[in-house]
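I have placed the structure first, in the form of structure tokens, so that the comments after it can refer back to it.
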Amino acid sequence: MGGREDGEEGVMATDFFWSYTDEPHASRRRQILSQYPKIKELFGPDPWAFLKITIAVLLQLWTATFLCNAGWLKILTVAYFFGSILNHNLFLAIHELSHNLAFSTPVYNRWLGIFANLPVGVPMSVTFQKYHLEHHRFQGVDGIDMDIPCHTEGHVVTNSITKAIWVVLQLFFYALRPLFLNPKPPGLWEFTNLIIQLSLDAAMVYFWGWKSLAYLILSTFVGGGMHPMAGHFISEHYVFHPDQETYSYYGPLNLLTWSVGYHNEHHDFPRIPGSKLYKVKEIAPEFYNDFESYKSWSQVIYMYIMDRTVGPFSRMKRKSSKNGANRKVD
């Protein structure tokens with residue numbers, strides 16, 4: 001593993017951390033499975049996923065209709081303290097479905113992802129899967145892993161004020177970055193996702209008015225910005241310790257986020273549903289106990305904004321290589 005090409009201790013760097021080794025998860029997965037083959041028993045879908053997603057979708061859509069005549073302050077308040085939790089939960093349900101962890105048949109997961117997408121307000125489930133699977137297969141690879149900020153973000157976001165603005169708007173960067181840096185032509189599934197989503201949005205406006213739709217979109221926006229649950233966007237791979245590339249979170253919000261906090265465990269075993277990831281750490285604790293981890297996503301956001309040595313460049317990158325960095329997950 002190498003260091004940054006620019007930057008000094010105590011000041012924000014002007015380039016990423018560059019690694020000259022393979023991403024760590026594939027080799028650790030093989031090592032863990034060789035010692036604990038029973039972990040394979042955890043592979044496979046979560047039988048409760050469909051029910052959990054359905055409850056969250058229906059509850060959020062009902063809330064939107066309930067607020068159709070509410071004042072804007074009430075809509076914003078409910079969106080931040082309630083709707084944001086549901087929509088972020090559904091966003092991470094879509095993450096779970098991108099790994100086919102609700103049904104054994106992939107197409108069923110895709111349809112459920114489109115359904116889970118409905119309260120989010122904007123179509124994203126199908127496109128997310130394409131880019132997210134590349135994040136796993138080519139973690140940190142320059143030009144492929146779109147989870148990593150671009151150079152423009154790194155050069156513009158250079159102090160606490162711009163970092164705070166970046167955090168508020170990070171969902172926009174997360175969503176738009178791939179479309180500019182690594183665009184993929186849409187297919188039939190993207191158009192299906194788009195048509196179904198726009199149909200739901202139009203029905204919401206037609207029957208209940210613009211405020212109901214605004215509540216859904218606000219829930220998505222505020223839940224992906226300066227919000228405790230959005231701390232996982234930063235905590236997962238932003239490098240606060242140069243010798244560690246992926247970080248786990250072992251706090252209570254895992255209960256609301258499909259245990260996405262178990263992120264080292266997730267990248268090691270993407271075929272294990274979030275509801276069982278804690279068992280990986282229980283079975284093989286010696287592989288995880290020495291890693292730096294978090295207990296508060298809010299603290300991660302605060303650290304990211306206030307630490308002048310940390311910013312968008314605080315990510316591990318590696319050059320594209322046929323035999324090295326591009327190795328696919330098992």
Name the residue, out of 191, 207, that is open to solvent by 10 Å² or more (accessible area, probe 1.4 Å), in a helix (DSSP H, G or I) and within 28 Å of residue 46 (Cα to Cα). 191
When every residue in segment 301-330 that is assigned to a loop (DSSP other than H, G, I, E, B) and hydroxyl-bearing (Ser, Thr, Tyr) is compared, the one modelled with the highest pLDDT is 314
Is it the case that some residue within segment 92-113 is more than 13 Å from the chain's Cα centre (by Cα), outside any helix (DSSP H, G or I) and under 22 Å from residue 253 (Cα atoms)? yes
Return the residues of segment 267-300 that are closer than 16 Å to residue 247 by Cα, assigned to a helix (DSSP H, G or I) and open to solvent by 10 Å² or more (accessible area, probe 1.4 Å); say none if nothing qualifies. 278, 281, 285, 286, 287, 298, 299
Which members of segment 16-50 meet the condition of being farther than 23 Å from residue 147 by Cβ and open to solvent by 60 Å² or more (accessible area, probe 1.4 Å)? 30, 31, 34, 35, 37, 38, 40, 41, 47, 48, 50
Of the criteria (1) in contact with a helix residue (DSSP H, G or I) (Cβ under 7 Å, 6 or more places away or on another chain); (2) crowded, with 17+ Cβ neighbours inside 10 Å, which one residue 59 fails: (2)
Which ones in segment 114-160 are surrounded by fewer than 16 Cβ atoms within 10 Å (Cβ to Cβ) and either part of a helix (DSSP H, G or I) or touching a strand residue (DSSP E or B) at 6+ places or on another chain (Cβ under 7 Å) (or both)? 133, 142, 151, 152, 155, 156, 160
Hey, residue 79 hits all of (1) farther than 30 Å from residue 320 by Cα; (2) without any contact (Cβ under 8 Å) to a residue 24 or more places away in the chain but one; which does it fall short on? (2)
Segment 161-186, residues that are open to solvent by 20 Å² or more (accessible area, probe 1.4 Å) and modelled with pLDDT of 95 or more: 161, 162, 164, 165, 168, 169
Scan segment 228-251 for residues that are open to solvent by less than 20 Å² (accessible area, probe 1.4 Å) and of a type in the set (Ser, Thr, Tyr) and jot them down. 235, 238, 246, 247, 248, 249
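The values are calculated or read from the model by the stated rules, or taken from the named source; none is laboratory data. Not measured: the values here are computed from a predicted model. Neighbour counts run over all protein chains shown; Cβ positions are idealised from the backbone, glycine included. Side chains included, ligands, DNA and RNA excluded: accessible areas come from the protein's heavy atoms. Shrake-Rupley method; radii C 1.70, N 1.55, O 1.52, S 1.80 Å.
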